[in-house]
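A.B. asks: Below you will find the structure I want to go over with you.
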Protein chains: 2
Amino acid sequence: MSQIETGLELTIEKLWENKKYNTLRDVMSTMQAANIAYVLSVLPDNAIAPLFRLLPKELAADTFVEMEADMQEKLIKSFSDTELKNVLGELYMDDAVDLVEEMPANVVRRILAQADPEMRNSINELLKYPEDSAGSIMTTEFVGLRADMTVAEALREIRLTGTDKETCNTCYIIDKDRTLMGAVSLRTIVMAQDDQEMKDLMEDNVISVTTMEDQETVARMFSTYDLNVMPVVDGENRMIGIVTVDDAIDVMEEEATEDISKMAAVTPNDKPYLKTGVLEIYKNRIPWLLLLMLSATFTGMIITGFEHTLSASIILTAAIPMLMDTGGNCGSQASVTVIRSLSLDELHFSDITKVWWKESRVAVMCGITLAVFNFVKLLIQYSSFPNYVMASATICITLALTVVLAKLVGCTLPMVAQKLGFDPAVMASPFITTIVDALSLLLFCTIAGMLMPGLV
Amino acid sequence: MSQIETGLELTIEKLWENKKYNTLRDVMSTMQAANIAYVLSVLPDNAIAPLFRLLPKELAADTFVEMEADMQEKLIKSFSDTELKNVLGELYMDDAVDLVEEMPANVVRRILAQADPEMRNSINELLKYPEDSAGSIMTTEFVGLRADMTVAEALREIRLTGTDKETCNTCYIIDKDRTLMGAVSLRTIVMAQDDQEMKDLMEDNVISVTTMEDQETVARMFSTYDLNVMPVVDGENRMIGIVTVDDAIDVMEEEATEDISKMAAVTPNDKPYLKTGVLEIYKNRIPWLLLLMLSATFTGMIITGFEHTLSASIILTAAIPMLMDTGGNCGSQASVTVIRSLSLDELHFSDITKVWWKESRVAVMCGITLAVFNFVKLLIQYSSFPNYVMASATICITLALTVVLAKLVGCTLPMVAQKLGFDPAVMASPFITTIVDALSLLLFCTIAGMLMPGLV
């Protein structure tokens, strides 16, 4: 929730405490549903149901949709059967399905009992679509017109059936067996002559998706084609429903959050942070931490094998954190850039040689810059230590090579992961860091062996 | 670009080589503008302008808008003045402004010369709004109606002026000095009786933003309030333009990409990866790498001071990468989760004690789990080394404390950064890792000194 009028929570709480119900009704009627839902969420629990009852019917339903699941549950438990029936009657089908998906079983039973038979059937139909499919986010309420309807007939149909539909801005032309023929905007209908027919006005080149399409692909198409609504068809091109842009936006935000979570080695979770339990957060994080910790066993083994050199030159040991962090940072710069481009569909596996060529040049430039800076720094910092020139050279040559390796590993792994059908977002900083750590330590040993043979 | 019909590029290229211009015109007329722009982008340069000329006027303009800036520039250079005038005449004002912002100066001069005087004035007006403001992404083309218009009059006005507007689905009621009074949807107008007046149909509680509002806030409001279009007003509530949902979606994607870039210590860049030059990528990455590398000087100094202990027990040295990586991973799990919640406006600075309490409990659970696993692993792995029990205990106690520290630092810094007016996304993995590295090494020295006093 955001952009809340500051202080309105306090006004409403005060009005509530002073039992100014008429004023409350008037104030809340001027507010946006999302804001009312927010204000109710910060008020004492016993105020929610009575305040909700003050809202006009339609605003009440809109507010209900904007609430978090736990508040919806509390409210439903306080509803009489008639109240529940009223709220359900005002919901769009996709919101009703969301509600059923999020409530516990006993609440779902009450909802289904109070929904009218038509809604109950639709809910059951929609629940069959797999999670994350177009079918699971669509609504079945759209305006369908016939190709031979005139503008006058179409307007009559829209006036008759349009009130309950989520949108009338785009109407769909379907034939007798519900095959999708085309789309026509309300604006086109309004602009046309009364006797023109839909088949002459409609756009017949309509972008549609099937019910089983991945919701992320659907959301991406809204952005690519600048859509406000998208028709959803079954395998035989029969029109089943529509996805509206507000639901596509929710999917985009969800998917971006998922990518970001995976990049930080956290199992994604669609609940807001403050509403997520400690145990759940722990479960989302600990497997990755364990896996990454155990894979650090390799770096430990490399260091153990490198014992004599390290104990002979503390300068080398002291450089380990810098080498590892710089390698990790370089790798994650490359991997995260590539992951984001993949998920925006700007980059495909076929571009891999272009990516290598670009990253190699960037890597050489970064590697040389960092190595030169660091060499000067080390010479000044350690001038009183034995072997400091060769140790500094060892560190900086390793550094430059690590940067190149890290960038190449960082850009390659996400692309390969996607090619193999995994989510590239998992191949971000934490995994890249672990791999690059081991590689850079191996390089470090090898180069030290060549430049400082006396120590090994 | 995405969801491209596979192989259509090849068909079009072949038709082009065989000079089948009529067929090409027919095929391209059935395609979506975004797809034509994509196909043109992969065809040879000399095919672009001739193919573009085959497109019907309106589709040509839509395709032009979907192109990348470098292709638009090539195309404009090949246009005659009349062709340029035609394309400009079909553009919506916000697309024209985007074009002017992206083209080099000599192309801009040609564009302004060919734009009609009204468009030239609007472009110049719109260019004055700061980048990233609502004014910079709005269009001035909306349908304005008067409060005393009847439905019949309103429909007449919409038919008269609606053709050139980006959307008619929502019309705005403005008074004589253009003050925003309310909004009415085309659907409501169509559903109403011919003699009803706008003032009785309009929603007078309209969400609007001022021209100077940050575009990220505007995009967030689209998501919070499920909007398709948002009116933009000046400081005196006079209506200046509208932002449409497609532009809001572009802003959301841009902002998510920016956040993700910053989290990986890369300066954000709004060009697609493959279109960004090597030098530019280098410049976006190297300052952060240098800064982070130099700040690793501290970890180096800590290790130097810790020399005797480390050279006496290789087990301790071998644990450094594991400690640092685990600390970094724990910190970035917490920081990235908090950063995303902040940018979705689900979390505010006032929640900081809740966040601490939650993260402390998660951290203790993660810390204990990791320490126990690792202790068992170390006892088995190093059973032949001297002092292996105390060394393992030192490592695992440090590990548990590092996890707790990392989680607390990770959740606190982004919140403090936002409170101080900085972008919290910068406080992600790389910075957290650098800070946590130093803290965990200090802990390591201290605990080794307490548990293995003989070594120090």
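Each row is one residue, and each column tells you yes or no for (1) farther than 23 Å from residue A:318 by Cα; (2) more than 14 Å from chain B (Cβ to nearest Cβ).
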site: A:386; (1), (2): no, no
site: A:390; (1), (2): no, yes
site: A:407; (1), (2): yes, no
site: A:410; (1), (2): yes, no
site: A:417; (1), (2): yes, yes
site: A:428; (1), (2): yes, no
site: A:434; (1), (2): no, no
site: A:438; (1), (2): no, no
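A.B. asks: Given segment A:36-118, what helices (runs of 4 or more DSSP H) lie entirely inside it while holding 1 or more residues that are over 25 Å from the mean Cα position of the chain (by Cα) and closer than 28 Å to residue B:347 by Cβ?
C.D. replies: The qualifying helices (runs of 4 or more DSSP H) are A:45-54, A:57-66, A:69-78, A:105-114.
A.B. asks: Right, another one. Residue check, residue A:131 against (1) out of contact with any Lys or Arg (no Cβ under 8 Å at 6 or more places or on another chain); (2) under 30 Å from residue A:173 (Cβ atoms); (3) not in a helix (DSSP H, G or I), all met but one. Which one?
C.D. replies: (2)
A.B. asks: Do we have residue A:52 as more than 23 Å from residue B:224 (Cα to Cα) and surrounded by 18 or more Cβ atoms within 10 Å (Cβ to Cβ) here?
C.D. replies: Considered against the rule, which asks whether it is more than 23 Å from residue B:224 (Cα to Cα) and surrounded by 18 or more Cβ atoms within 10 Å (Cβ to Cβ), residue A:52 comes out as no.
A.B. asks: Restrict the check to segment A:232-240 and report whether at least one residue is closer than 24 Å to residue A:424 by Cα and among the polar types (S, T, N, Q).
C.D. replies: No, every residue in segment A:232-240 fails to be closer than 24 Å to residue A:424 by Cα and among the polar types (S, T, N, Q).
A.B. asks: Take segment B:322-356 and flag every residue that is among the hydrophobic types (A, V, I, L, M, F, W, C) and at the interface with another protein chain (Cβ under 9 Å from one of its Cβ atoms).
C.D. replies: Selection gives B:322, B:323, B:324, B:330, B:334, B:336, B:338, B:339, B:344, B:347, B:355.
A.B. asks: Examine segment B:277-291 for a residue that is within 13 Å of the chain's Cα centre (by Cα), in a helix (DSSP H, G or I) and at the interface with chain A (Cβ under 7 Å from one of its Cβ atoms), and state whether such a residue exists.
C.D. replies: Checked against the condition, which is being within 13 Å of the chain's Cα centre (by Cα), in a helix (DSSP H, G or I) and at the interface with chain A (Cβ under 7 Å from one of its Cβ atoms), segment B:277-291 yields no hits at all.
A.B. asks: Hey, another quick one. Find the residue count for segment A:247-283, including only residues that are of a type in the set (Val, Ile, Thr), in contact with a Pro (Cβ under 9 Å, 6 or more places away or on another chain) and crowded, with 19+ Cβ neighbours inside 10 Å.
C.D. replies: Qualifying residue count for the region: 2.
A.B. asks: Filter segment A:289-308 down to the residues that are in contact (Cβ under 8 Å) with a residue 12 or more places away in the chain and in contact with a Phe, Trp or Tyr (Cβ under 9 Å, 6 or more places away or on another chain), then identify the one that is nearest to residue A:423 (Cα to Cα).
C.D. replies: A:292
A.B. asks: If you don't mind, another one. All but one of (1) surrounded by fewer than 19 Cβ atoms within 10 Å (Cβ to Cβ); (2) under 20 Å from residue A:298 (Cβ atoms) hold for residue A:383; which doesn't?
C.D. replies: The one condition residue A:383 does not meet is (2).
A.B. asks: Only one of (1) surrounded by fewer than 18 Cβ atoms within 10 Å (Cβ to Cβ); (2) on the phi < 0 side of the Ramachandran plot is not met by residue B:237, so which one is it?
C.D. replies: Going through (1) surrounded by fewer than 18 Cβ atoms within 10 Å (Cβ to Cβ); (2) on the phi < 0 side of the Ramachandran plot one by one, residue B:237 breaks only (2).
A.B. asks: Here is a further query. Scan A:240, A:249 and give me the residue that is without any contact (Cβ under 8 Å) to a residue 60 or more places away in the chain and either assigned to a helix (DSSP H, G or I) or over 17 Å from residue B:344 (Cβ atoms) (or both).
C.D. replies: Criteria check complete, one pass: A:249.
A.B. asks: Name the single residue that is farthest from the other protein chains (Cβ to nearest Cβ) among those in segment B:240-255 being among the hydrophobic types (A, V, I, L, M, F, W, C) and out of contact with any helix residue (DSSP H, G or I) (no Cβ under 7 Å at 6 or more places or on another chain).
C.D. replies: Only one residue tops the list, namely B:240.
A.B. asks: A follow-up question, please. Quick check: is even one residue across segment B:164-182 facing another protein chain (nearest Cβ under 9 Å), more than 22 Å from residue B:95 (Cβ to Cβ) and modelled with pLDDT under 95?
C.D. replies: no
A.B. asks: Follow-up question, since we're still on this one. Determine whether residue A:371 is over 30 Å from residue A:312 (Cβ atoms), modelled with pLDDT of 90 or more and buried (at least 16 other Cβ atoms within 10 Å of the Cβ).
C.D. replies: Against the criterion (over 30 Å from residue A:312 (Cβ atoms), modelled with pLDDT of 90 or more and buried (at least 16 other Cβ atoms within 10 Å of the Cβ)), residue A:371 does not qualify.
A.B. asks: Now for a different question. Say whether the condition of being closer than 21 Å to residue A:231 by Cβ, under 32 Å from the mean Cα position of the chain (by Cα), among the β-branched types (Val, Ile, Thr) and away from chain B (no Cβ under 11 Å) is met by at least one residue in segment A:186-208.
C.D. replies: no
A.B. asks: While we're here: Would you check which residues across segment A:329-348 are in contact (Cβ under 8 Å) with a residue 12 or more places away in the chain and of a type in the set (Asp, Glu) and list them?
C.D. replies: Within segment A:329-348, just A:345 meets the criteria.
A.B. asks: So, of the residues in segment A:252-276 that are basic (Lys, Arg) and either touching a His at 6+ places or on another chain (Cβ under 7 Å) or assigned to a helix (DSSP H, G or I) (or both), which turns out to be nearest to residue B:362 (Cα to Cα)?
C.D. replies: Going through the qualifying residues, I end up with A:275.
A.B. asks: Being of a type outside the set (Val, Ile, Thr), more than 30 Å from residue A:166 (Cα to Cα) and more than 10 Å from chain A (Cβ to nearest Cβ) narrows it down to one of B:234, B:214, B:259, so name that one.
C.D. replies: Step by step, each of B:234, B:214, B:259 is checked, and only B:234 is of a type outside the set (Val, Ile, Thr), more than 30 Å from residue A:166 (Cα to Cα) and more than 10 Å from chain A (Cβ to nearest Cβ).
A.B. asks: So, one more: Filter segment B:131-155 for residues that are more than 33 Å from the chain's Cα centre (by Cα) and either within 13 Å of chain A (Cβ to nearest Cβ) or acidic (Asp, Glu) (or both); which is surrounded by the fewest Cβ atoms within 10 Å (Cβ to Cβ)?
C.D. replies: Among those that are more than 33 Å from the chain's Cα centre (by Cα) and either within 13 Å of chain A (Cβ to nearest Cβ) or acidic (Asp, Glu) (or both), it is B:148.
A.B. asks: When the residues of segment A:93-130 are narrowed to those that are over 23 Å from residue A:231 (Cα atoms) and of a type in the set (S, T, N, Q), which ends up surrounded by the fewest Cβ atoms within 10 Å (Cβ to Cβ)?
C.D. replies: A:106
A.B. asks: Looking at residue B:158 and the list (1) surrounded by fewer than 17 Cβ atoms within 10 Å (Cβ to Cβ); (2) touching a Cys at 6+ places or on another chain (Cβ under 7 Å); (3) among the hydrophobic types (A, V, I, L, M, F, W, C), which single condition is not satisfied?
C.D. replies: (1)
A.B. asks: Please go through (1) at positive phi; (2) crowded, with 20+ Cβ neighbours inside 10 Å for residue B:19 and return the number of the only condition it doesn't satisfy.
C.D. replies: Only one criterion is unmet by residue B:19, namely (2).
A.B. asks: Every residue in segment B:292-314 that is at the interface with chain A (Cβ under 8 Å from one of its Cβ atoms), at pLDDT 80 or above and buried (at least 19 other Cβ atoms within 10 Å of the Cβ), please.
C.D. replies: B:292, B:293, B:299, B:300, B:303, B:314
The values are calculated or read from the model by the stated rules, or taken from the named source; none is laboratory data. Since we're looking at a predicted model, the values are computed, not measured. Because the Cβ atoms are built from the backbone with ideal geometry, glycine has one as well, and the counts that use them run over all protein chains shown.
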